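Written out below as structure tokens is the structure these notes cover.
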Amino acid sequence: MRAVVFEEFGGPLDVREVPDPVAVPGGAVIRVEATGLCRSDWHGWMGHDPDITLPHVPGHELAGVVESVGDGVAEWRAGDRVTVPFICACGRCAACARGAQQVCERQEQPGFTHWGSFAEYVPVHHADTNLVALPGAMSFSTAASLGCRFATAFRAVVAQGRVRPGEWVAVHGCGGVGLSAVMIAAACGARVVAVDVSPDALELARTFGAEVCVDASALGAGVADAVRSAAGGGAHLSLDALGAPVTCVNSVQSLRRQGRHVQIGLLPQGVHLPMDRVVPLELEILGTHGMAAHAYPEMMAMVASGSLRPGLLVTRTIGLAEAPGALAALGAGTGVTVIAPRMG
């Protein structure tokens, strides 16, 4: 099969022929029809993830068709249209037993723990635990946008963030996951303040339901003050959807008393939080890490009803040959880029 491969962190990315994957017992091979280009892929390429061994094929937001299944798979067969959470669980550990597959003790991640979906085929282990059926009307492009950014944002806003109608929600960083959070929070009846340095990103955020847009490039250290002013004293819920020390701190400082901060973006170097504010205001600091396959129905129902329209986040579709350049240049555009491995 054809796949995007790199042999050194931060080094050249090439499209080349590599061996086809084989379905292991309990697993499946998916023919990739669409796969998202995500900032997490960039982190992996740059060497920020300790699970990656070289050479490597990135990619973890995928949708496609079951090509083959291994022995012991009961619920899936060749030809099924599926997507996959970016956290693939074992289905047997203590975390999985309590329904928390997104923090599985033996989790695997396509594109990180093993070769991923910037390829024509990708292997998935524990298929009965991890595959999610696609509604017939959902395109592969839309489905590919769900697996990491949209599902992660959904759980961050709805489950971890416990959003309620009428609350103020601040979203710091309006890339793919941030725009997803804006759309989801607005669909849940919240009032959204979107924060970014890009006018184009803020315009998309407004399109997806943001009531207030804050241009962080013009405010410097005053971002949190601007959010608190717009939100009548501070956000009830604030999310760092970028993963940078400045956006994390701004998110925490944007909160009102007893507000909730949810960290979505990766912070490989860590951050010093303003604990002098966390303690007296009784702020909550929460992380979020994807969403388990069994939790997809609520999100899928909102997509089916039209209250959530993740397909609108996809602003560009490219072929596999264009993927190396797009990954290297990640961050230069807005919205979600989807790779169609069979295009062109």
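Read the figures in this text as sums done on the coordinates, not as results from a lab. Bear in mind the structure is a predicted one, so any value in this text is a computation, not a measurement. With ideal geometry, Cβ positions are generated from the backbone for all residues, glycine too; neighbour counts draw on all protein chains shown.
Only Cα pairs within less than 10 Å get springs; with that Gaussian network setup on the chain, which residue of Thr53, Thr83, Thr288 has the largest fluctuation? Greatest mean-square fluctuation among the candidates belongs to Thr53.
For the residues Cys174, Cys148, Cys96, a GNM of the chain with alpha-carbon springs under 10 Å puts the largest fluctuation on Cys96.
Summing +1 for each Lys or Arg and -1 for each Asp or Glu among the other residues whose beta-carbon sits under 15 angstrom from that of Val227 gives 0. For region 249-298, averaging the sequence separation of C-alpha pairs within contact (under 8 Å, six or more residues apart) and dividing by the residue count gives a relative contact order of 44 percent. From the alpha carbon centroid of region 206-254 to that of region 120-158 is 29 Å.
The string of couplings for region 202-209 from the Karplus curve (6.51, -1.76, 1.60, θ = phi - 60°) is 5, 5, 5, 4, 5, 4, 8, x Hz, one whole number per residue in order, with x for Gly and Pro.
Of the GluC sites (Glu not before Pro) found in region 1-86, those in coil by DSSP whose Cβ has at most 15 other Cβ atoms within 10 Å are Glu7, Glu8, Glu75. Looking at the chain alone, DSSP beta bridges between its own residues are antiparallel in about 50 percent of cases. Once the Cβ-Cβ distance of Asp20 and Leu266 is raised to the sixth power relative to R0 = 41 Å, the FRET efficiency obtained is 0.85.
Among Pro25, Pro310, Pro123, the largest mean-square fluctuation in a Gaussian network model of the chain (Cα springs under 10 Å) belongs to Pro25.
Taking all Cα pairs closer than 8 Å and separated by 6 or more residues, the relative contact order of the chain comes to 18 percent.
Using the Karplus equation 6.51 cos²θ - 1.76 cosθ + 1.60 (θ = phi - 60°), what ³J(HN,Hα) coupling, rounded to whole Hz, does each residue of region 184-190 give in order, writing x for Gly and Pro? Those phi angles translate into 5, 4, 5, 5, 8, x, 7 Hz. Backbone phi angles across region 255-267, fed through the Karplus curve with coefficients 6.51, -1.76 and 1.60 (θ = phi - 60°), yield HN-Hα couplings of 7, 7, 4, 6, x, 10, 9, 10, 8, 9, x, 5, 10 Hz in residue order; Gly and Pro are listed as x. Magnitude of the charge dipole for the chain, about its Cα centre and with charges confined to Cβ atoms of Lys, Arg (+1) and Asp, Glu (-1), is about 940 debye. Here the contact order of region 193-295, divided by its residue count and restricted to Cα pairs under 8 Å and six or more residues apart, works out to 20 percent. Residues whose amide H comes within less than 5 Å of that of Arg191, counting only those at least five positions distant or on another chain, are Gly166, Glu167, Trp168, Val169 (H built at 1.01 Å from N in the peptide plane). Computed from Cα atoms alone, the Kirkwood hydrodynamic radius reported for region 1-91 is 14.5 Å. Qualifying trypsin sites (Lys or Arg not before Pro) in region 77-115, where qualification requires a DSSP coil assignment and no more than 11 other C-beta atoms within 10 Å, comprise Arg77, Arg98.
Given q = 0.20 Å⁻¹, what are the Debye log10 I(q)/I(0) values for region 215-342, with equal point scatterers placed on the Cα positions and solvent ignored? Log10 I(q)/I(0), no solvent term: -1.20.
Summarising the amide proton neighbourhood of His114: residues at separation of 5 or more, or on other chains, whose placed amide H is nearer than 5 Å comprise Gln109.
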